Amino acid sequence: MLCWFFPHVSVRLDTTNQFADELSGSEFSLKMPVFRFPLANRVLFSYIPGALETRNMEDMHMNNSLDGIFRPKSIAVIGASSKKGSIGNTILHNLIEHHFNGTVFPVNPKARVIHSIKCYSTILDVPDAVDLAVVVVPSDFVAPTLEQCGAKGVKGVVVISSGFKEIGGEGIAKEAELVEIVRKYNMRMIGPNCFGILNTASDISMNATFSRSQPPKGKVAFMSQSGALGEAILGYADELNLGFSMFASVGNKADVSGNALLRYWRDDPQTEVVLLYLESFGNPREFTRIARGMTRKKPVVAVKAGRTDAGARAVSSHTGVLAGIDVGTDALFEQCGVLRVSSVDELFDTAVALTNQPLPRGDRIAIITNAGGPGILATDAVVGLGLRMAKFEDKTLKLLKENLSAVASINNPVDVIAAGGPDSFRIAMDAVLSDDNVDAVIVIFVPPVVVDHHAVISGIVEMIEKHKNDKPVLGCFMAVPSGVSGSEEMVKHKIPIYTFPESAAKAMASLVRCRKRKDTPESETVTFEVDNDRASTIVDQAVEQKRTTILGPEALELLNAYGINIAKSIKTTTLKDVKKAASELGFPVVMKINDPDVLHKTDVGGVATDLRTETEVAEAFTAMEQQFSESNDGFAGVFLQEMVHGGVETIIGMYQDPSFGPLIMFGLGGVYVEVMKDVAFRIHPVTEYNVKEMIESIKGYPLLTGFRGGAAVDLKCLQETILRLSQLVSDFPQLESFDVNPFIVTADHESSRAVDARFVLKCDDST
């Protein structure tokens, strides 16, 4: 499928005369090039609003009520135009066409009447109170317009106009001026550089966008950081019959941010699901705080653009804000219970499922199909997404065997074969929905010529109604783009239909994740008794000596101060001392170079393992002394360490992300960590449940639980170690990053050991 994008069209207006006449010109009209936007195997046609770009700033004042924006009793459209198709005309038309339940005041200094409504030269000339002002004027006139709004007592403004921070340079200063004005008058502002807002509540019925579409009233609130997606989003929702409660294009987020909208929609009774299209975060930690509580009650589904390095660069170019690394976004969403999806297509697929079906009790999925290939595709997708194929009860298998064709497959997935008509689907649906081992069902129908499509669909609906829809059912009807005849019956009964099995499986996985989030127990951070004085001495000494790292035995001592088991180590600088240390530790031993400039010891021959005799120790010491004596600072000596046997090598780490703060990492360790990259991240501080999730999420988790007869490790010891390190991060903010690699975890708490560690300190800019 082709996807055509055309250049954005925008102009700068510099005079008040241009405001009245040229604002309505073709550059701002809806007669723009269209693009084909592929969503859910369909094609939408839409325009691209000129220069609608996005940036991310935080809420600038403490007035958190957005009622003035989303629940106004009166609206002034400043920049309303009589020119049909212009943005100012379209916004005014939409407010009237979609029956805004309040008073509308057009404002334009060059017009007397617009849309049969008396027009005012300025908002100050409006005789009545105004709650909301929608501003569509050239960027040079936005600030004085907001000053007038403030003087009028306006509660909220939606600034459609572009030419601010998204263009850089003078635009940054212009946007800062807008923020000062809204703070001065205690107003709230969405934008600038946005597509508009809407609220479908019956007592409001406000469409303050320049869209040609109006989604039906419903339960979904949608925030888009891209104005260019606005028309496509609203049009597609209308096509899917997906009802919206509210919609907001936030533009540059100069005042009202995504966090402010989350807070508002969290308490909105008409909103049950929140959808987000994000390109950047303003305050990820505040997002975390809000979303953590919200997702236990209302699902939040998000598309975050910029997953790849190339995508992040594109986002930077588009919004002027470089998105944080994607691993931080994944960690944040996982920790908050936000359902992350990979595309706008999948966002809508998930929303349709969440708003129309109950959440499953678990992750055991049954698949019913009349075609083997799609059944296999669905099975692969279900298992690949971490769900389980339900194992049917004996009575279910017996019922299917006795009533389906002899060539039908009665195991999961159930294949009623192409000749299977309404009765076959009815029997299969009744059987699996009655099975206590089944939590949810995906039913696939590939319409054959010889089968009555309407009768099949009626049979499926009949069985869902019989079982009172206590288990979610998602349909997959594979046919021509125009759809399957009779499928409107499914839509009428709120049964989502997808074109391909993978889409249905992804939507089902989101339902399961949402259930898991609701059932997740509350978990708090824990605090351990530690030797903070000893740890502070180590860190302070490094800072005083202006060192940037803490390595070797000193790093292990820091871990030990926090109650973490470490491998015994002895620092030595002479051959005599190294022989004595080996005798004290007992063979076999490991020798490591003790040089702060050598971070990856193995890479440069700075590690010798499994030294079993005094001779082997002496030879290894002599070789390292000769090799590293040639460095600028000379030979710094070695440290000898007991050799830890058995167990699984893991890595526990932290680094300070500029957007998300400290990120805690866990994964398989040793020399393979950079190749395997089997790691998981969570945002600091982590709770007991966060740590449990981290450990269980890595691909190598089976190695920790006893793979192929191996001994299971002490998971409680591992969890406690990560929690102690999280506490260390809280206590010492001067840490930039650290790696505990490897931490060897065994079946016994006492024998589990940190073998090596490296701490990096933040640089002091004043030095």
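The residues on offer are THR379, THR396, THR350, THR355, and the sole one that is of a type outside the set (A, V, I, L, M), over 27 Å from the mean Cα position of the chain (by Cα) and part of a helix (DSSP H, G or I) is THR396. In region 296-310, the count of residues that are at pLDDT below 85 and in a helix (DSSP H, G or I) is one or more.
Does at least one position in region 110-124 carry a residue that is in a helix (DSSP H, G or I), of a type in the set (D, E, K, R) and out of contact with any Pro (no Cβ under 8 Å at 6 or more places or on another chain)?
Taking region 110-124 and keeping what is in a helix (DSSP H, G or I), we get 123-124.
Add one more test, that the residue is of a type in the set (D, E, K, R), and what stays is none.
No: region 110-124 contains no residue that is in a helix (DSSP H, G or I), of a type in the set (D, E, K, R) and out of contact with any Pro (no Cβ under 8 Å at 6 or more places or on another chain).
Evaluated against (1) assigned to a loop (DSSP other than H, G, I, E, B); (2) surrounded by fewer than 24 Cβ atoms within 10 Å (Cβ to Cβ); (3) over 22 Å from the mean Cα position of the chain (by Cα), GLY282 falls short on exactly one condition, (3). For region 424-469, the set of residues classified as at pLDDT 90 or above and among the polar types (S, T, N, Q) consists of SER424, SER434, ASN437, SER458, listed by residue number.
For region 551-582, name all the residues that are surrounded by fewer than 21 Cβ atoms within 10 Å (Cβ to Cβ) and in contact with a Pro (Cβ under 6 Å, 6 or more places away or on another chain). Hit for region 551-582 is LYS571, nothing else.
Please determine whether any residue of region 178-191 is touching a Ser or Thr at 6+ places or on another chain (Cβ under 7 Å) and in the same structural domain as ILE87 (by TED's automatic domain parsing). No, region 178-191 contains no residue that is touching a Ser or Thr at 6+ places or on another chain (Cβ under 7 Å) and in the same structural domain as ILE87 (by TED's automatic domain parsing).
For region 223-257, which positions are free of Cβ contacts under 8 Å to residues at least 40 places away in the same chain and buried (at least 24 other Cβ atoms within 10 Å of the Cβ)? So that I can check it myself, show each step before the final result.
Of the residues in region 223-257, the ones free of Cβ contacts under 8 Å to residues at least 40 places away in the same chain are 234, 238.
The answer is LEU234, and nothing else.
Scan region 325-347 for residues that are in a helix (DSSP H, G or I) and either under 29 Å from LYS692 (Cα atoms) or within 14 Å of the chain's Cα centre (by Cα) (or both) and the total you get is 14.
Among the residues of region 130-147, write down those that are hydrophobic (A, V, I, L, M, F, W, C) and either part of a loop (DSSP other than H, G, I, E, B) or modelled with pLDDT under 95 (or both). Selection gives VAL130, VAL136, VAL137. Could you tell me whether region 667-674 includes any residue that is buried (at least 17 other Cβ atoms within 10 Å of the Cβ), β-branched (Val, Ile, Thr) and at pLDDT below 90? Yes: region 667-674 contains one or more residues that are buried (at least 17 other Cβ atoms within 10 Å of the Cβ), β-branched (Val, Ile, Thr) and at pLDDT below 90.
When you go through ASP739, ASP748, ASP756, ASP714 one by one, which is the residue that is of a type in the set (Asp, Glu), loosely packed, with under 15 Cβ neighbours inside 10 Å and modelled with pLDDT under 95?
Values: ASP739 fails: loosely packed, with under 15 Cβ neighbours inside 10 Å; ASP756 fails: loosely packed, with under 15 Cβ neighbours inside 10 Å; ASP714 fails: loosely packed, with under 15 Cβ neighbours inside 10 Å.
Step by step, each of ASP739, ASP748, ASP756, ASP714 is checked, and only ASP748 is of a type in the set (Asp, Glu), loosely packed, with under 15 Cβ neighbours inside 10 Å and modelled with pLDDT under 95.
Among ASN252, ASN259, which is at pLDDT 90 or above and in a helix (DSSP H, G or I)? Result: ASN259 is the single residue among ASN252, ASN259 that is at pLDDT 90 or above and in a helix (DSSP H, G or I). Here is a check on your reading of the model: is PRO216 buried (at least 23 other Cβ atoms within 10 Å of the Cβ) and either under 27 Å from the mean Cα position of the chain (by Cα) or polar (S, T, N, Q) (or both)? It is false that PRO216 is buried (at least 23 other Cβ atoms within 10 Å of the Cβ) and either under 27 Å from the mean Cα position of the chain (by Cα) or polar (S, T, N, Q) (or both).
Is it the case that some residue within region 612-622 is more than 16 Å from ASN741 (Cα to Cα), of a type in the set (Asp, Glu) and either touching an Asp or Glu at 6+ places or on another chain (Cβ under 9 Å) or assigned to a strand (DSSP E or B) (or both)?
Here is the first cut: in region 612-622, the ones more than 16 Å from ASN741 (Cα to Cα) are 612-622.
The next check asks that each one be of a type in the set (Asp, Glu); those that pass are 614, 616, 619.
Narrowing the set further to residues that are either touching an Asp or Glu at 6+ places or on another chain (Cβ under 9 Å) or assigned to a strand (DSSP E or B) (or both) leaves 616.
Checking region 612-622: at least one residue is more than 16 Å from ASN741 (Cα to Cα), of a type in the set (Asp, Glu) and either touching an Asp or Glu at 6+ places or on another chain (Cβ under 9 Å) or assigned to a strand (DSSP E or B) (or both).
Cβ-Cβ under 9 Å, sequence separation 6+ or interchain: first residue in region 645-658 and more than 16 Å from THR705 (Cβ to Cβ), partner among the aromatic types (Phe, Trp, Tyr) and surrounded by fewer than 16 Cβ atoms within 10 Å (Cβ to Cβ). Which pairs? Hits for this filter: zero, empty list.
Among the residues of region 115-123, none qualifies, meaning not one is under 22 Å from GLY258 (Cα atoms), of a type in the set (A, V, I, L, M, F, W, C), in contact with a strand residue (DSSP E or B) (Cβ under 8 Å, 6 or more places away or on another chain) and free of Cβ contacts under 8 Å to residues at least 60 places away in the same chain. Among residues that are in contact (Cβ under 8 Å) with a residue 24 or more places away in the chain and in contact with a helix residue (DSSP H, G or I) (Cβ under 6 Å, 6 or more places away or on another chain), LYS73 is not included.
Scanning region 164-174 for residues that are closer than 30 Å to VAL220 by Cα, of a type outside the set (S, T, N, Q) and in contact with a His (Cβ under 7 Å, 6 or more places away or on another chain) turns up nothing.
Matching residues to (1) of a type in the set (Phe, Trp, Tyr); (2) under 17 Å from ASN207 (Cβ atoms); (3) surrounded by fewer than 24 Cβ atoms within 10 Å (Cβ to Cβ); (4) at pLDDT 95 or above:
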{"position": "PHE100", "(1), (2), (3), (4)": "yes, yes, yes, yes"}
{"position": "THR103", "(1), (2), (3), (4)": "no, yes, yes, yes"}
{"position": "ARG112", "(1), (2), (3), (4)": "no, no, yes, no"}
{"position": "ASP125", "(1), (2), (3), (4)": "no, no, yes, yes"}
{"position": "ASP128", "(1), (2), (3), (4)": "no, no, yes, yes"}
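If only residues of region 71-91 that are more than 19 Å from LEU146 (Cα to Cα) and in contact with a strand residue (DSSP E or B) (Cβ under 6 Å, 6 or more places away or on another chain) are counted, the one that is surrounded by the fewest Cβ atoms within 10 Å (Cβ to Cβ) is GLY85.
Of the set (1) under 30 Å from SER245 (Cβ atoms); (2) modelled with pLDDT of 95 or more, all apply to THR379 but (1).
Among residues that are assigned by TED's automatic domain parsing to the domain that holds ALA366, surrounded by 20 or more Cβ atoms within 10 Å (Cβ to Cβ), in contact with a Pro (Cβ under 7 Å, 6 or more places away or on another chain) and not in a helix (DSSP H, G or I), GLY420 is not included.
Taking the criterion of being closer than 30 Å to ALA712 by Cα, surrounded by fewer than 18 Cβ atoms within 10 Å (Cβ to Cβ) and among the acidic types (Asp, Glu), would at least one residue in region 643-664 satisfy it? No, region 643-664 contains no residue that is closer than 30 Å to ALA712 by Cα, surrounded by fewer than 18 Cβ atoms within 10 Å (Cβ to Cβ) and among the acidic types (Asp, Glu). You will find that of PHE707, PHE628, the residue that is surrounded by 19 or more Cβ atoms within 10 Å (Cβ to Cβ), modelled with pLDDT under 90, over 24 Å from LEU332 (Cβ atoms) and of a type outside the set (Gly, Ala, Ser) is PHE628 and no other.
For region 473-577, please list each of the helices (runs of 4 or more DSSP H) lying entirely inside it that holds at least 3 residues being of a type in the set (D, E, K, R) and in contact (Cβ under 8 Å) with a residue 60 or more places away in the chain. Steps first, please.
Numbers: elements: 488-492, 501-519, 532-544, 552-561.
Ranges flagged: 501-519.
Conditions (1) in a loop (DSSP other than H, G, I, E, B); (2) at pLDDT 95 or above; (3) among the β-branched types (Val, Ile, Thr), marked per residue:
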{"residue": "VAL158", "(1), (2), (3)": "no, yes, yes"}
{"residue": "SER162", "(1), (2), (3)": "yes, no, no"}
{"residue": "ALA176", "(1), (2), (3)": "no, yes, no"}
{"residue": "ARG183", "(1), (2), (3)": "no, yes, no"}
{"residue": "PRO192", "(1), (2), (3)": "yes, yes, no"}
{"residue": "ILE197", "(1), (2), (3)": "no, yes, yes"}
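Checked against the criterion of being over 39 Å from the mean Cα position of the chain (by Cα) and among the small types (Gly, Ala, Ser), the candidates SER536, SER569 yield just one match: SER569.
The values are calculated or read from the model by the stated rules, or taken from the named source; none is laboratory data. Keep in mind that this is a model prediction, so the values were computed, not measured. Cβ sites come from the backbone with ideal geometry, for glycine too, and all protein chains shown count toward neighbours.
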